[in-house]
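Take a look at the structure set out below.
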Amino acid sequence: MREIELSLNQTQKIRLKRALEKLESFSSKASSNSNASVSISDSIPVNHEDGVLKGHGTLDLNGELVATLCGVVERVNKLVYVRALRARYKPEVGDIVVGRVSEVAQKRWRLDIHYSQDAVLMLSSMNLPDGIQRRRTALDELNMRSIFEENDVICAEVRGNQHDGLHLQARSQKYGKLERGQLLTVPPYLVRRRKQHFHHLEQYGVDLILGCNGFIWVGEHVEARDDMVEDQVSKPEQQNIKSNKNSISLEEQEQTYTPIETRQSICRIANAVRVLSILGFNITIEVIMDTMNLSSSLNLDIHEMLGSEFCVLVAEGEAERRSLTKKKG
């Protein structure tokens, strides 16, 4: 567990300590059956007769294999290594990531994705606004800022490493520019790789994207647009639409704003993520919804979710949930 940075009174400290000790006891019992957690200089039990291969985070000291960093022991065939829990984000092909555009360069955008270097999104690695599959022209390159510009938040997928860095791709309609929401940053190790990282919370009208790189997006739900259908609009009609933009009434402009109820839901979900990050809990859609529902059941205002008492209640609730799960198992 990470060190809690909260102003707690004596009673809250005792309650939080008990909850965390309970959670750690469950973790230690689970690790005894699978991969063990180790700290620096801890011995790693291996059978040297099997021809063990020493991997990252291990050292052969006087015939004994010891850990050189804190983490979890992983075994792949004969290879034994230690996976650090709080290491920087290490991209893998297929990872869903959220990033912020840092530079618009020649035929490419550079994105900050919480990695040791900026990622690259090539103009040829994304769908054009007209939806037509064709070669990119010099005109497309001149119009790059009309697609993404500096500080835009983008969702994309890791394509792989190439000679000029880490490359992304955004060829699906679920990828692209993110608007009307909040971008949260959490330690990457709190977001596990899962089959589904896109979540539509229909009852709140909110989209939640859990980026493998520790960037989490909470924003208003946006329906996937069919660009091929939109492209069938004739050019004269498009010009008429542009010319009429300035004459849009105030009522029509207000309809494009995010409703106050949706904004409150976005803030409540975002604070639930912040609480889980403070406590060092793995961030999943299930735990986020449990935390959000707990705040609603207690009739807490959104800002009160970041208080010490609610953080303690979340820790106690998670300990109780794991206890019940263990009994059912």
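The values are calculated or read from the model by the stated rules, or taken from the named source; none is laboratory data. Model, not experiment: these values are computed from the prediction. In this analysis, Cβ positions are derived from the backbone assuming ideal geometry, glycine residues included, and neighbour counts consider all displayed protein chains. The accessibility values were calculated without ligands, DNA or RNA, using every heavy atom of the protein model including side chains. Shrake-Rupley method; radii C 1.70, N 1.55, O 1.52, S 1.80 Å.
Of the conditions (1) open to solvent by less than 30 Å² (accessible area, probe 1.4 Å); (2) touching a residue at least 24 places away in the same chain (Cβ under 8 Å), His114 clears all except one; give me its number.
All conditions pass for His114, except number (1).
Among the residues in the stretch 118-128, are any of a type in the set (Val, Ile, Thr) and more than 21 Å from Val191 (Cα to Cα)?
Initially, the stretch 118-128 is screened for residues of a type in the set (Val, Ile, Thr), giving 120.
Among the residues that remain, those that are also more than 21 Å from Val191 (Cα to Cα) are: 120.
Yes: the stretch 118-128 contains one or more residues that are of a type in the set (Val, Ile, Thr) and more than 21 Å from Val191 (Cα to Cα).
Need pairs with beta-carbon distance below 7 Å; first residue surrounded by fewer than 17 Cβ atoms within 10 Å (Cβ to Cβ) and within the stretch 185-198, second among the β-branched types (Val, Ile, Thr); sequence gap 6+ or separate chains.
From the stretch 185-198, the pairs are Phe198/Ile209.
Of everything in the stretch 258-277, what is touching a helix residue (DSSP H, G or I) at 6+ places or on another chain (Cβ under 6 Å) and open to solvent by 20 Å² or more (accessible area, probe 1.4 Å)? Give them in sequence order.
Of everything in the stretch 258-277, those that are touching a helix residue (DSSP H, G or I) at 6+ places or on another chain (Cβ under 6 Å) and open to solvent by 20 Å² or more (accessible area, probe 1.4 Å) turn out to be Cys267, Arg268.
Looking at the stretch 176-208, which of the residues that are among the aliphatic types (A, V, I, L, M) and under 24 Å from Arg145 (Cβ atoms) is nearest to the chain's Cα centre (by Cα)?
So in the stretch 176-208, the residues among the aliphatic types (A, V, I, L, M) come out as 178, 183-184, 186, 190-191, 201, 206, 208.
Imposing the further condition that a residue be under 24 Å from Arg145 (Cβ atoms) reduces the set to 178, 183.
Working: Leu178: 14, Leu183: 10 Å.
Selected residue: Leu183.
Which is of a type in the set (D, E, K, R) and over 30 Å from Ile40 (Cβ atoms), of Glu74, Glu141, Glu64? Show your work before the answer.
Numbers: Glu74 fails: over 30 Å from Ile40 (Cβ atoms); Glu64 fails: over 30 Å from Ile40 (Cβ atoms).
From the options Glu74, Glu141, Glu64, the qualifying one is Glu141.
For the stretch 73-101, which residues satisfy the criterion of being assigned to a strand (DSSP E or B), open to solvent by 20 Å² or more (accessible area, probe 1.4 Å) and not charged (D, E, K, R)?
Correct list: Val76, Leu79, Tyr81, Ala84.
Scan the stretch 29-61 residue by residue and report those that are open to solvent by 90 Å² or more (accessible area, probe 1.4 Å), at pLDDT below 85 and not in a helix (DSSP H, G or I).
Pro45
May I ask you to list the residues in the stretch 199-215 that are charged (D, E, K, R) and surrounded by fewer than 20 Cβ atoms within 10 Å (Cβ to Cβ)?
Filtering the stretch 199-215 down to residues charged (D, E, K, R) leaves 202, 207.
If the condition is that a residue be charged (D, E, K, R) and surrounded by fewer than 20 Cβ atoms within 10 Å (Cβ to Cβ), then Glu202 is the only one that fits.
For the stretch 129-145, indicate whether the set of residues that are of a type in the set (D, E, K, R), surrounded by 13 or more Cβ atoms within 10 Å (Cβ to Cβ) and closer than 29 Å to Gln196 by Cβ is non-empty.
Checking the stretch 129-145: not a single residue is of a type in the set (D, E, K, R), surrounded by 13 or more Cβ atoms within 10 Å (Cβ to Cβ) and closer than 29 Å to Gln196 by Cβ.
Give the residue that is farthest from Val206 (Cα to Cα), with candidates limited to residues of the stretch 171-184 that are open to solvent by less than 50 Å² (accessible area, probe 1.4 Å) and free of Cβ contacts under 8 Å to residues at least 60 places away in the same chain.
Ser172
Being charged (D, E, K, R) and part of a helix (DSSP H, G or I) is the filter; apply it to the stretch 278-321 and report the residue that is surrounded by the most Cβ atoms within 10 Å (Cβ to Cβ). Step through it out loud before you land on a result.
Step one: of the stretch 278-321, the residues charged (D, E, K, R) are 286, 290, 301, 304, 309, 316, 318, 320-321.
This time we only want the ones that are part of a helix (DSSP H, G or I), so: 286, 290, 304, 309, 316, 318, 320-321.
On the way: Glu286: 8, Asp290: 16, Glu304: 13, Glu309: 16, Glu316: 17, Glu318: 22, Glu320: 12, Arg321: 13.
In this case the residue turns out to be Glu318.
Working only within the stretch 95-131, note down all residues that are among the small types (Gly, Ala, Ser) and over 14 Å from the mean Cα position of the chain (by Cα). Reasoning before the result, please.
As a first pass, look at the stretch 95-131 and keep what is among the small types (Gly, Ala, Ser): 99, 102, 105, 116, 119, 124-125, 131.
If the condition is that a residue be among the small types (Gly, Ala, Ser) and over 14 Å from the mean Cα position of the chain (by Cα), then Ser102, Ala105, Ser116, Ala119, Ser124, Ser125, Gly131 are the ones that fit.
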